[in-house]
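A short write-up of the structure that comes next.
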Amino acid sequence: MQMENNNEKYDDPKINYRGWKVMPFIIGNETFEKLGTIGTLSNLLVYLTTVFNLENITANNIITIFHGTTNFATLLGAFFSDTYFGRYKTLGFSTVASFVGLLIIQLTAAVKDLHPPHCGKEANTCKGPTAWQMGFFVLGLGSLLVGGAGIRPCNLAFGADQFNPNTESGKKGINSFFNWYFFTFTFAMMISSTLIVYIQSNLSWAVGLAIPAVLMLLSCAVFFMGTNMYVKVEPSGSPMTSMVQVIVVAIKKRKLKLPAEDPSLYLFKYVPPKSMNSKLPHTNQFRCLDQAAIMGPKDEINPDGSPVDPWNLCSMQQVEEFPENMRSFAGSLFFCAMAVSSYLSTALISVIHHATAKSSTGNWLPQDLNKGRLDYFYYGIAVLEAVNLGYFLLCAKWYKYKGNSGTSLELEKASEQSETGTANGV
């Protein structure tokens with residue numbers, strides 16, 4: 001029996017998509033935020049070794065652990081955003097937290113009592129930071145961690161929220177926004193890694209770290225200037241619940257079979273009436289989960305078209321990969337991969353440093369890198385990159401794009417049928 005969609009097509013006049021009118025605030029916030037954070041973090045290794053008098057290995061491990069922890073924390077940021085606070089509140093709080101973190105780090109350079117004395121000409125005159133000095137610096141990193149945990153998974157999704165995903169102009173606007181996002185990201189990296197780093201290393205650490213803090217303050221101001229114009233998607237409850245429901249229902253209905261031809265025609269196609277998400281077409285990937293959207297004889301439907309028991313019946317939209325109301329959560333997965341790489345990088349450096357300390361070729365990564373064997377180290381990195389390229393090609397061959405045509409037309413037709421039925425009093 002072919003499934004019919006019982007819910008009405010949603011066209012809520014209360015949602016005013018401002019699109020490009022709010023992009024100056026979002027892209028401006030993103031640009032200043034990246035200028036601020038990258039301007040500080042990109043030169044932090046030099047700062048810790050020259051101002052805090054830490055050894056290269058120690059400073060490098062602190063930084064990689066910080067990056068790894070921040071990237072893993074994006075899972076928490078995405079969870080709280082999608083489940084409790086929404087992207088607007090999460091971004092607002094996180095932007096302020098990032099500013100506080102940059103301000104604290106700037107103070108460690110500007111206030112003499114917050115960093116150890118400068119090393120003299122003799123190496124034995126160097127003093128490391130006290131517990132208080134290091135603790136204050138770590139407090140700044142902690143505040144930056146909180147900021148990054150909320151900003152990284154939410155900023156792209158929040159920008160996409162400002163465009164109507166169900167119109168052609170909205171879809172084009174989202175694509176253009178992504179292009180501008182990555183353009184400004186590259187621009188911020190270029191300026192931060194050149195001009196700001198030059199000021200820090202050659203002129204003054206206090207001034208060089210004050211510039212990112214001021215830029216981050218501007219980021220806060222620009223973001224909150226657009227408050228009354230933003231589309232603020234409300235949190236929709238735990239996104240993990242939806243995933244678990246699909247898995248549980250698919251297991252319950254694992255013995256049910258779908259026709260080999262056009263199986264999507266026989267799947268339950270409910271779309272929440274006030275959904276702001278674009279309609280996802282059916283794909284052949286993970287077809288074992290399609291059973292969750294097969295309507296059995298005991299499944300009941302509410303008057304609005306939703307299933308009475310979501311633990312016995314799921315919609316095709318719910319089955320298709322990550323529901324789009326999990327945009328923040330999905331965005332955090334990229335940073336989780338970066339987190340794993342940061343921790344592996346820390347382990348790799350430590351292992352190589354200790355394993356080659358007494359080798360015949362000498363330590364590859366000694367305190368004085370000019371006396372090391374960086375050529376051997378980078379040969380090893382090149383091998384890892386070759387393996388990574390092979391893995392990427394494998395994933396690229398398997399990956400399939402989700403289009404907005406073809407099978408997605410079934411959803412439009414189902415919605416139109418629902419509208420006609422409602423108009424006729426059905």
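Take C119, project a point 7 Å from its Cα along the Cβ direction, then tell me which residues of segment 370-385 have their backbone nitrogen under 15 Å from it. Within reach of a label on C119, which here means backbone N under 15 Å from a point 7 Å along Cα→Cβ, segment 370-385 contributes 370-371.
Need the full-extension length gain, F183 to V387, defined as separation in residues times 0.36 nm minus the C-alpha distance. One decimal, nm. Can you show the working numbers first?
Numbers: separation 204, 0.36 × 204 = 73.44 nm, distance 2.86 nm.
So the extension gain works out to 70.6 nm.
The alpha carbon gyration tensor of segment 169-221 gives principal lengths a ≥ b ≥ c with a/c of 1.5 or higher and a/b no greater than b/c, which makes the shape oblate.
For segment 139-235, the equivalent ellipsoid derived from the alpha-carbon gyration tensor has semi-axes of 31, 17, 12 Å in decreasing order. Averaging 1/r across all pairs of distinct Cα atoms in segment 158-307 and inverting the result yields a Kirkwood radius of 20.5 Å.
How big is D for segment 186-269, in µm² s⁻¹ as a whole number, if Stokes-Einstein is applied with the Kirkwood radius of its Cα pairs at 25 °C and 0.890 mPa s? Write out the running numbers ahead of the final one.
On the way: Rh = 18.9 Å.
For these conditions, the coefficient is 130 µm²/s.
Amide H contacts of I301: V308, each under 5 Å away and 5 or more positions distant or on a separate chain (H built 1.01 Å from N in the peptide plane; Pro and chain starts excluded).
Assuming R0 = 35 Å, what is the FRET efficiency of V244 and T167, from their Cβ-Cβ distance, to the nearest 0.05? Please list the in-between numbers first.
Details: r = 33 Å, r/R0 = 0.93.
That gives a FRET efficiency of 0.60.
If I take R0 = 51 Å and measure r between the Cβ atoms of I15 and N202 in this structure, what FRET efficiency does the formula 1/(1 + (r/R0)^6) give, to the nearest 0.05? Please list the in-between numbers first.
Details: r = 51 Å, r/R0 = 1.00.
Plugging the Cβ-Cβ distance into 1/(1 + (r/R0)^6) gives 0.50.
Peptides 240-253, 174-187, 140-153, 102-115 ranked from most to least packed by the mean count of surrounding Cβ atoms within 10 Å: 140-153, 102-115, 240-253, 174-187. In the structure shown, the pairs K21/K172; K257/K298; K127/K358 are assessed against 18 Å; a Cα-Cα span above that value is assigned to K127/K358. Comparing Cα centroids, segment 179-253 and segment 14-84 end up 7 angstrom apart.
For M190 and M338, what is the calculated FRET efficiency with R₀ set at 25 Å and r taken between the beta-carbons, to the nearest 0.05?
Numbers: r = 20 Å, r/R0 = 0.81.
Once rounded, the FRET efficiency stands at 0.80.
What's the extension gain from Y399 to K252 if we count 0.36 nm per residue and subtract their Cα-Cα distance?
Numbers: separation 147, 0.36 × 147 = 52.92 nm, distance 2.80 nm.
Taking Y399 through K252 to full extension adds about 50.1 nm, to one decimal.
Using a cutoff of 8 angstrom between alpha carbon atoms and counting only pairs six or more residues apart, the relative contact order for segment 11-127 works out to 26 percent.
Highest mean packing comes first when the peptides 258-270, 306-318, 32-44, 387-399 are listed by Cβ atoms within 10 Å, giving 32-44, 306-318, 258-270, 387-399.
Determine the gain in length on full extension of the stretch E321-Y84; use 0.36 nm per residue of separation and subtract their C-alpha separation, reporting nm with one decimal. Walk me through the numbers before you get to the answer.
On the way: separation 237, 0.36 × 237 = 85.32 nm, distance 2.20 nm.
Going from the current span to full extension adds 83.1 nm.
Highest mean first, the peptides 333-341, 91-99 sorted by other C-beta atoms within 10 Å per residue fall in the order 91-99, 333-341.
The numbers here are math on the coordinates, done by the rules we state, and not lab data. Note that this is a predicted model, so its numbers are computed, not measured. Quick reminder, even Gly has a Cβ in these numbers, built from the backbone with ideal geometry, and neighbours come from all protein chains shown.
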